[in-house]
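Following: one structure in structure tokens, then a few remarks.
Values quoted throughout were computed directly from the atomic coordinates according to the rules given, and no laboratory measurement underlies them. Since the structure is predicted, the reported quantities are computational estimates derived from the model, not experimental observations. Positions of Cβ are generated from backbone atoms using ideal geometry, with glycine treated the same way; all protein chains shown enter the neighbour counts.
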Amino acid sequence: MSKNYRRGLLIILSSPSGAGKSTLSRMLLDWDDRLRFSVSATTRGPRPGEVDGQDYYFKSRAAFDTMVEDGEMLEHATVFGNSYGSPRGPVEAAIGAGTDVIFDVDWQGGQQIRGSILQKDVVSVFILPPSIKELENRLVKRGQDSAEVVAKRMAKSRSEISHWAEYDYVLINDDLDVCFERLKTVLKAAHLRRDARPELVDHVAKLNVEFEELI
């Protein structure tokens, strides 16, 4: 095993819509090439240009349900009649190879992942807006949604924010660059956790051999 080996992290980023988690996720991908997004499985059909295994893992309803029943999904949910979930196998392979995997999920998805078989590899971060007024301003300024959709997102944000205390780390995104630096600090520290550094077992064994040689 290389002395530079590290186990990958399973990084959960959650926030109300407009607080910045998607922007911060993209910034992380640009910062470290050992990071990648989790690819979800879905029962909906592929849209033009979408590639199986790259955009989504496209599954039949029967295949998806079997994966859920066999514990092969870290989290899953049904939205507008289609099911979406995070397959466990590719994530296990990635973190075992030292690759960090980012999950841009809501609090419900985060809760399922934190309760999964990979919970010891999880680092969960919740992103808060500096104020509710600023959250609304950001949703309006990005120009992606109608006034009705913005209102629905704002109504949902209160419930989402109520789960902030379930996360390992909570960052306030009042300045994007400052928030990003803090997020990097969180991940750097997480990689120094004992259970993220399997090479320590061999190193301590080597130290014990050296102790024996002194006797």
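Determine the sum of side-chain charges near residue 195: Lys and Arg each +1, Asp and Glu each -1, restricted to other residues whose C-beta is under 9 angstrom from that of residue 195.
Within the 9 Å Cβ shell, the charges total +4.
With a point put 7 Å past each Cα toward its Cβ, work out how far residue 30 is from residue 131 in nm, to one decimal.
2.8 nm
On a 0 to 90 degree scale, rounded to 10, what angle separates helix 147-161 from the longest Cα axis of the chain?
Its long axis makes an angle of about 40 degrees.
Need the C-alpha centroid separation for segment 87-109 versus segment 24-57, integer Å.
11 Å
Relative to the Cα centre, what is the charge dipole magnitude of segment 10-214, using +1 at the beta carbon of each Lys and Arg, -1 at the beta carbon of each Asp and Glu, and rounding to the nearest 20 debye? Please report the intermediate quantities before stating the final value.
Details: 26 positive and 33 negative charges, 164 e Å.
Using Cβ point charges on Lys, Arg, Asp and Glu, segment 10-214 gives about 780 debye.
Using only alpha carbon pairs under 8 Å that are at least six residues apart, calculate the relative contact order of segment 1-102 and give it in whole percent.
It rounds to 40 percent for segment 1-102.
What full-extension length gain, to one decimal in nm, is calculated for residue 149 and residue 203 as 0.36 nm per residue of separation minus the Cα-Cα distance?
Taking 0.36 nm per residue and subtracting the Cα distance, the gain is 13.9 nm.
Treating the angle as unsigned and between 0 and 90°, give the value, to the nearest 10°, between the Cα long axis of helix 21-31 and the longest Cα principal axis of the chain.
So the helix axis and the longest Cα principal axis differ by about 40 degrees.
Using mean Cβ contacts within 10 Å as the protection proxy, how do 84-90, 172-178 order, highest first?
Highest-to-lowest ranking by the protection proxy: 84-90, 172-178.
To the nearest whole percent, what portion of all C-alpha pairs in the chain is separated by more than 24 angstrom?
Of all Cα-Cα pairs in the chain, 51 percent lie more than 24 Å apart.
Going by average Cβ density within 10 Å per residue, which order do the peptides 59-69, 12-22 take, highest to lowest?
12-22, 59-69
Can you compute the modelled spin-label distance between residue 214 and residue 186, with each label point 7 Å from Cα toward Cβ, in nm?
4.1 nm
What percent do you get for the relative contact order of segment 10-214 when only Cα pairs under 8 Å and 6+ apart count?
27 percent.
Could you tell me the calculated FRET efficiency between residue 52 and residue 72, based on Cβ-Cβ distance and R0 = 22 angstrom, to the nearest 0.05?
0.85
Less than 29 Å apart at the alpha-carbon level, and either on another chain or at least 8 residues along: which lysines does that give for residue 120?
The qualifying lysines are 3, 21, 59, 184, 188, 206.
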